[in-house]
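Engineer: Following this message is one structure expressed as structure tokens.
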Amino acid sequence: MKLFVCVNQVPDTETKVKVGQDGKTIDRSEINLILNPYDEFAVEAALQLKDKFGGEVTYVSAGNDFHKEVIRKALAMGGDKGIHIKTDNTGDSYSVASMLAAALKDAGADIIFFGKQSIDYDDSAVGTMVAEMLGLPSASVVVKLNVDEGAKKVVCEREIEGGKETVELTLPCVISAQKGLNEPRYPSLKGIMAAKSKPIQEVAPPAAQSLTEVTAMRKPAPKQPGKILGTDKSAVPELIRLLHEEAKIF
Ligand SMILES: Cc1cc2nc3c(=O)[nH]c(=O)nc-3n(C[C@H](O)[C@H](O)[C@H](O)COP(=O)(O)OP(=O)(O)OC[C@H]3O[C@@H](n4cnc5c(N)ncnc54)[C@H](O)[C@@H]3O)c2cc1C
């Protein structure tokens, strides 16, 4: 099977994210960048399909040189090669999706995998946009995947509010992976060494346009300190009043 996984780099989950001086972007100067955690489920899904059916796994990422590092991190888990769409200006989700769709248009993919969302901008949009741009069926938030290569069919279980939904798609298709789809493997030392010599093709970005503009970005206001109203039942009436009048819970 010809499998592609789109991978993004995001700030480490331990990082204290700062807003840049322009008040519109994340300050990336002192942050540790990692492979987007949801993309690890996508990588694992593609590697398991390669183990089962054979074929090749290619990683695609659009962005600056850190994106090349993220392709290497995925290659250390397994897979064959990478495509780095090199640009210092990725723009919004639509622009990123346009770049990825252009790179994948004639690639002959059977399945293009994405993470459910990037944990930086949290749009959950790129995978579905790429599917639409390429005219492919897609399933998002996928927690179970069963591929019938002969029948060219994929049966997926997706998470929906309060339940699960089973959908059937025909190949080629786009799948966005949710936590629970699998248990991503750790890169082995051998895998890390092998990744250094796996090919990463650098391609120029196509002309792509952002349809949105971030006008302001700010951190949430610091939490107010908690209030202790008392330590026995005499505090209950005041607690009820505050829940009703201030917290407006009921
Ligand atoms: C106006 C604007 C300008 C921006 N400018 C920059 C910039 O100059 N530099 C910068 O680094 N970021 C920039 N960003 C942020 C960056 O473009 C976002 O990563 C992008 O909007 C994707 O949205 P998301 O991260 O929420 O992706 P989601 O839709 O949440 O991501 C879903 C999945 O899509 C895939 N994916 C997402 N992004 C990429 C990618 N770049 N390559 C491969 N696969 C991907 C992954 O599989 C991911 O799990 C900008 C955002 C906006 C709105």
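Engineer: Would a scan of region 219-226 turn up a residue that is in contact (Cβ under 8 Å) with a residue 40 or more places away in the chain and either among the polar types (S, T, N, Q) or outside any helix (DSSP H, G or I) (or both)?
Structural biologist: Checked against the condition, which is being in contact (Cβ under 8 Å) with a residue 40 or more places away in the chain and either among the polar types (S, T, N, Q) or outside any helix (DSSP H, G or I) (or both), region 219-226 yields at least one hit.
Engineer: Look through region 189-218, keep the residues that are surrounded by 10 or more Cβ atoms within 10 Å (Cβ to Cβ) and either charged (D, E, K, R) or assigned to a strand (DSSP E or B) (or both), and return whichever of them is farthest from the ligand (Cβ to nearest atom). Talk me through it step by step, then tell me what you get.
Structural biologist: Of region 189-218, the ones surrounded by 10 or more Cβ atoms within 10 Å (Cβ to Cβ) are 191-195, 198-203, 205-206, 208, 210-212, 214, 217.
Narrowing further to those that are either charged (D, E, K, R) or assigned to a strand (DSSP E or B) (or both): 198, 200-203.
Working: 198: 17, 200: 13, 201: 14, 202: 14, 203: 12 Å.
If we take residues in region 189-218 being surrounded by 10 or more Cβ atoms within 10 Å (Cβ to Cβ) and either charged (D, E, K, R) or assigned to a strand (DSSP E or B) (or both), then 198 is farthest from the ligand (Cβ to nearest atom).
Engineer: If you don't mind, there's one more thing I want to ask. So in region 72-117, with the set limited to residues that are at pLDDT below 95 and of a type in the set (S, T, N, Q), which one is surrounded by the fewest Cβ atoms within 10 Å (Cβ to Cβ)?
Structural biologist: Applying the filter and picking the extreme gives 89.
Engineer: What tally of residues in region 170-188 results from selecting those that are part of a strand (DSSP E or B) and over 21 Å from the mean Cα position of the chain (by Cα)?
Structural biologist: Number of matching residues: 1.
Engineer: Only residues that are without any contact (Cβ under 8 Å) to a residue 40 or more places away in the chain and in contact with a Ser or Thr (Cβ under 6 Å, 6 or more places away or on another chain): list them for region 71-95, please.
Structural biologist: Selection gives nothing.
Engineer: Give 197, 234 a once-over and let me know the one that is more than 23 Å from the chain's Cα centre (by Cα) and farther than 30 Å from residue 114 by Cα. Quick ask: steps written out before the conclusion?
Structural biologist: On the way: 197 fails: farther than 30 Å from residue 114 by Cα.
Unique residue meeting the criteria: 234.
Engineer: Which residue is farthest from the ligand (Cβ to nearest atom), if the candidates are limited to region 1-40 and must be in contact with a helix residue (DSSP H, G or I) (Cβ under 9 Å, 6 or more places away or on another chain) and among the acidic types (Asp, Glu)?
Structural biologist: Looking at the filtered set, the residue picked out is 40.
The values are calculated or read from the model by the stated rules, or taken from the named source; none is laboratory data. Every value quoted in this text rests on a predicted model; they were computed, and no experiment measured them. Glycine also receives a Cβ, built like all others from the backbone with ideal geometry; neighbour counts cover every protein chain displayed.
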